[in-house]
Each structure stands twice: as structure tokens, then as C-alpha cells.
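Engineer: Below is one structure. I have some questions about it.
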Amino acid sequence: MMKLAVIGSGYVGLVAGACFAELGHEVILVDNDAVKVNALQRGDVPIHEQFLPELLERHRNRRLSFTGDLAAAVKASDAIFIAVGTPPTEDGEADLSYVESVARGIAGSIDRYKVVVEKSTVPVYTSTWIRKIMLLNGAPPELFDVASNPEFLREGTAVTDFLFPDRIVIGADTLRCAEVLRECYQPLVGGAYYLCPEAIPGPEDASVPPPLICTSAKSAELIKHACNAFLAMKISFVNAVASICESVGANVKQVVHGIGSDSRIGPRFLRPGIGYGGSCFPKDLLAFRSVARECGYDFRLLDEVIRINEEQRHRFLRKVRKALWTLKGKRLAVLGLAFKGGTDDLRESPAIAIVKCLLQAGCEIAAYDPAAAGHAAESFAHRGMSFADTAYDALQGADALLILTDWEEFAALDLDRAYDALRYPIVIDGRNLYEPELMAEHGLVYYSMGQPDAVPEKRATRTLKLA
Ligand code: UDX
């Protein structure tokens, strides 16, 4: 059992803290936001994340405590994980001022050997800077090491991603430091956790125990940025292929099946749509591009990945215009506001960008999202925007249905009920949740991303009947 401090109770910090407690460590989660700390102490669960409520319940006030006192948490710990925000600055670099201020705070409380670990996604050289800042602020050089231990968790599956990872990357420049980090993950890499009867259930295809990859701190920093950039590149690549499919009348799902079956490419992260969003990819791509630029490398491939991603929302809006002609006064049902299914997170959501454009064009929107609608209602006081309690309520009387987030429930709509609820049987799907033929069989005109449009034969009569 190790004594750990995790600084920052956002997505990464809260999940990492709860999971380290689950692995048997004693964890102090530190946040300078007293309201947040009080809420966590009371038992609130601030984010929508599978298994997180169970873990917090299991370990709160036992192996997991919450505090605003950084110095006391550092003194009590063998390793301190920094998981504070690194938001983008205006020119796309990561703003590391929170990391710096935490490093200063930690420096004064180093009274025996400790490992300071970057857990937030940070640019290469951050570990070097953390060390410099800590030395400048009086931390004795022989009493600490700085390591990088990037987190690859996805929102919605963050807990299982932590406990059943593809790999664990430890970037440490001394053996002593690597050993401390290895200890933190021993229940996973040694496999003991997976034998616990109360272990959180993992995905069916999880390969356990996970490998531990030990690198230098700089390599670990680069692994995280390069990994996210590569995944975003896969998405933009398939979106570009989907555009070509549309032009020539091919079906992108068939094309993806063909290319994804090549084991060198793999089938994952090849789902075309309205583009990637979220708190990581957009920010990390900009940051990685800045890092490259600073190192003297003009990483233009990343410019193109970003450009294709932004173009996807315009492509989708063009489809809406193609389906509906004019937009002013049209009533649209929107299913999905979160940046992907399974989360309530709206950050950089392409769905939100599209909804804003449609509102600006004079559309009225009835939106439904199983988890994100509450947040959206708080920040969305636009005229013309309303929120429905169910998908079918949103569809009622709408001129068309727009699918913007890949929630499982949107892929399982009762299509006859949807047909009856809609004023016109038009579906524009930004996530390719349906087969065009199936939609046509249900009398729905169906537009999607890189699949042929579907126009049912009976459309004219049924539309006339409705009108
Ligand atoms: C991502 C990385 O996957 C994770 O390793 C990292 O730690 C944080 O960033 P996350 O942002 O939670 O995780 O979402 P992810 O599931 O990766 O999806 C990112 C975006 O890409 C979403 O908007 C999603 O809809 C989109 N996406 C994903 C696609 O458009 N097509 C795909 O094939 C996959």
C-alpha cells in the first residue's frame, strides 16, 4: 500500500484517485476549489462516469479523502500526481500556469524522498520545468524525482480504461523513481486486482495483466501527444474517405470494413461522422502542433487533420440545406448534444457547434440528450432552443430529425414511432447509426456521412398524407 496525493479533482484526477484507492492505496485528493472539495466530501459525484459512483462510495472516508490542504497532502505522500487542467492559450499552446503553481506549492513540503508525477497531458519538457521550478523554490534535489505517467482514459469508460488499460506508460529518469511508480500499479501489472471478487468488471476483450512500458520522462510526454494526434488523424482520414465515397456513390461502412480488416490498420477509430470533439483531441492537437513548431518542425499533417475535422460540420450543415432547402423557421429535432455518446460533456462538441449555426440560421430546435441536456440548458439560453424529455418528444412535429451524438439509444429508435412523430420523414444522421436500406424500408428519407442517401418509394404519398 502506498500513500498518494492526487492534485486536481477533474476527470483525470478524480478517476485516478478513486482507482488508486480501489487498488489498495491510501489517496488524498487535493483541490483548491473549496466548493468542489465539500461536495466530494458530502458524497456528490460531479461527473457522469460509469462505476465512479460505486468506487467513490466504496472508498470515501476510508482509503480516499478530500482536502484543500496541498502542503499536508504532500507531506503525507510517497508520490504526488499532478492532474490539474492544461487549457489551451489563444495560440493553441497548453497553459501550464496551474502546473507551475502546483509545482511551487509542492516544493515547500518535500521533507523526504517523493516522486512528483505529471498525469495531466503536457508538452515535452514539462517534467524538466517542474524540476527546475521545484529547485528554485527550495526543494532539496536529492529528495525528489519528476516522472511522467500519461493517462489514456476516455470519458464514459474512464474507470475501466484505468483498471483495464492497453498498457501503462511510466516515464522516469531514475530507477528509484520508476520503482515507486511500478509499486503504484503493481496490483494491475502483477494481476492481483483481476483476481479480487469485488473487482470492477472489465471489457470482454481486455487483455490482463497490462504491460508496463518504461521510458524516459520526455518519451512518455511525447507518447501521450502522439497517441492522441494519431487517433485524431485516423478519424479525419476516414472522414476524408467518406467524402470521396459520397462523390462516387460508394458506402463508407463497406470501405472501412475492407481497410480496417488489415491488421496493420485495425478497425477502431474509423467511424466517420461530424468530427471529433471533447476536452482532449482538439486541445492536444493544437498543443502538439505548437510543440513541434517550437522544436523547429512544421507538422503540417496536423493542420490538415484539424482542417478536415472542422470541415465535417460544414459538410453536415450542407446536407441539412440539401434536405430542407431553406432553414429559417424550420423546426428540427436534434438527438445528442454531448461530444460523444456515454458522457454529459459538451466541451468542443461538434453537435453544439452545429446547433449554434442552425439557430443562427433561424431554425427552431427541440433537443434531447440522455445526459448532457441539463448542462446544455444552463449554457444555452438561445431563443428557438428547447429541451425535450424523450427522443420522441423532440421528434414530435419536427420538419426533420438530426442525429448528432452516437448514444446507443439513438441507434435503437422505434422507426415507425419516429416516422409517425415527424412532420416530414427526413433523417440526417451525423453518426451513421443506421443502414440506409432500413430507413428507406420504414419510409424515411435518410442522409448520412459517406453512405448513399436513401429515398423510400412510398415517400411522396406518405408525405402528402401528412401535409
Ligand atoms: C480521447 C482518447 O481516446 C483518450 O485516450 C484520451 O485520454 C482523451 O481523449 P475522449 O475524448 O474521451 O478520449 O473520447 P474518444 O472516445 O476518444 O472520442 C473522441 C472524439 O472522436 C469524439 O467526439 C468521438 O465522437 C470522435 N470519434 C471517435 C469519431 O468521430 N470517430 C471514431 O471512430 C472515434
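The values are calculated or read from the model by the stated rules, or taken from the named source; none is laboratory data. These numbers come from a predicted model, not from an experiment. Heads up, the Cβs are rebuilt from the backbone with ideal geometry, glycines too, and the neighbour counts pull from every protein chain shown.
Engineer: From Phe269, Phe299, Phe281, which residue is of a type in the set (Phe, Trp, Tyr), within 11 Å of the ligand (Cβ to nearest atom), over 30 Å from Arg423 (Cβ atoms) and surrounded by fewer than 21 Cβ atoms within 10 Å (Cβ to Cβ)?
Structural biologist: Within the list Phe269, Phe299, Phe281, the selection yields Phe269.
Engineer: If you check Ser247 against the conditions, is it out of contact with any Ser or Thr (no Cβ under 9 Å at 6 or more places or on another chain) and either closer than 26 Å to Ala178 by Cα or at pLDDT 95 or above (or both)?
Structural biologist: Taking the combined requirement at face value, the residue satisfies it.
Engineer: Sticking with this one: Filter the range 195-229 for residues that are surrounded by 16 or more Cβ atoms within 10 Å (Cβ to Cβ) and hydroxyl-bearing (Ser, Thr, Tyr) and give the result.
Structural biologist: Thr215
Engineer: Mind telling me which of the residues Ala199, Ala147 ends up being in contact (Cβ under 8 Å) with a residue 24 or more places away in the chain and assigned to a loop (DSSP other than H, G, I, E, B)?
Structural biologist: Matching residue, one of Ala199, Ala147: Ala199.
Engineer: Also, I was wondering about something else. Counting only residues that are β-branched (Val, Ile, Thr) and within 13 Å of the ligand (Cβ to nearest atom), how many does the range 196-244 have?
Structural biologist: Final tally of qualifying residues: 4.
Engineer: With the checklist (1) touching a helix residue (DSSP H, G or I) at 6+ places or on another chain (Cβ under 9 Å); (2) among the β-branched types (Val, Ile, Thr); (3) assigned to a helix (DSSP H, G or I) in hand, flag the one item Val208 doesn't pass.
Structural biologist: Against the list (1) touching a helix residue (DSSP H, G or I) at 6+ places or on another chain (Cβ under 9 Å); (2) among the β-branched types (Val, Ile, Thr); (3) assigned to a helix (DSSP H, G or I), Val208 comes up short only on (3).
Engineer: Name the pairs whose Cβ atoms lie under 7 Å apart, with the first residue in the range 233-248 and in contact (Cβ under 8 Å) with a residue 60 or more places away in the chain and among the β-branched types (Val, Ile, Thr), the second away from the ligand (no atom under 12 Å from the Cβ) and part of a helix (DSSP H, G or I), and 6 or more positions between them or separate chains?
Structural biologist: Close Cβ pairs satisfying both conditions: Val241/Val255.
Engineer: Let me ask you something else. Conditions first: (1) free of Cβ contacts under 8 Å to residues at least 24 places away in the same chain; (2) touching an Asp or Glu at 6+ places or on another chain (Cβ under 6 Å); (3) within 23 Å of Asp161 (Cβ to Cβ). Thr89 passes all but one, so which condition is the exception?
Structural biologist: It fails just one condition, (3).
Engineer: Continuing with this model, one more query. Count, please, the residues in the range 392-410 that happen to be in a helix (DSSP H, G or I) and touching a residue at least 60 places away in the same chain (Cβ under 8 Å).
Structural biologist: Residues that pass the stated criteria total 4.
Engineer: State all residues of the range 203-236 that are in contact with a Cys (Cβ under 8 Å, 6 or more places away or on another chain) and among the basic types (Lys, Arg); if no residue qualifies, say none.
Structural biologist: None - no residue of the range 203-236 is in contact with a Cys (Cβ under 8 Å, 6 or more places away or on another chain) and among the basic types (Lys, Arg), so the list stays empty.
Engineer: Another one. If you scan the range 123-165, which residues turn out to be within 30 Å of Gly341 (Cα to Cα) and away from the ligand (no atom under 13 Å from the Cβ)?
Structural biologist: Within the range 123-165, Pro123, Ser148, Leu163, Phe164 meet the criteria.
Engineer: With respect to Ile110, is the statement that it is closer than 28 Å to Arg289 by Cβ, surrounded by fewer than 23 Cβ atoms within 10 Å (Cβ to Cβ) and not basic (Lys, Arg) true?
Structural biologist: No, not satisfied.
Engineer: At pLDDT 95 or above, assigned to a helix (DSSP H, G or I), within 16 Å of the ligand (Cβ to nearest atom) and surrounded by fewer than 18 Cβ atoms within 10 Å (Cβ to Cβ) - does that describe any residue in the range 341-363?
Structural biologist: no
Engineer: Another one. Taking interchain pairs and intrachain pairs at least six residues apart, which have beta carbon atoms under 8 angstrom, with the first residue in the range 256-284 and in contact (Cβ under 8 Å) with a residue 24 or more places away in the chain and the second in a loop (DSSP other than H, G, I, E, B) and away from the ligand (no atom under 13 Å from the Cβ)?
Structural biologist: Partner pairs satisfying both residue conditions: Lys283/Pro87.
Engineer: Here's another thing I want to ask about it. Would you list the helices (runs of 4 or more DSSP H) that sit entirely within the range 1-104 and hold 2 or more residues that are assigned by TED's automatic domain parsing to the domain that holds Ala139 and surrounded by fewer than 16 Cβ atoms within 10 Å (Cβ to Cβ)?
Structural biologist: Hits in the range 1-104: 34-42, 52-59, 70-75.
Engineer: Could you grab the pairs with beta carbons closer than 7 Å, sequence gap of 6+ or different chains, first residue in the range 33-61 and farther than 21 Å from Lys340 by Cα and in contact (Cβ under 8 Å) with a residue 24 or more places away in the chain, second one buried (at least 16 other Cβ atoms within 10 Å of the Cβ) and among the charged types (D, E, K, R)?
Structural biologist: Val37/Asp31; Leu55/Glu22; His59/Glu22
Engineer: Within the range 113-123, restricting attention to residues that are within 23 Å of the chain's Cα centre (by Cα) and not in a loop (DSSP other than H, G, I, E, B), which residue is surrounded by the fewest Cβ atoms within 10 Å (Cβ to Cβ)?
Structural biologist: So, considering only residues that are within 23 Å of the chain's Cα centre (by Cα) and not in a loop (DSSP other than H, G, I, E, B), the one surrounded by the fewest Cβ atoms within 10 Å (Cβ to Cβ) is Glu118.
Engineer: Also: For Lys330, which of the numbered conditions (1) charged (D, E, K, R); (2) under 30 Å from Gly10 (Cα atoms); (3) surrounded by 17 or more Cβ atoms within 10 Å (Cβ to Cβ); (4) more than 16 Å from the ligand (Cβ to nearest atom) fails to hold?
Structural biologist: (2)
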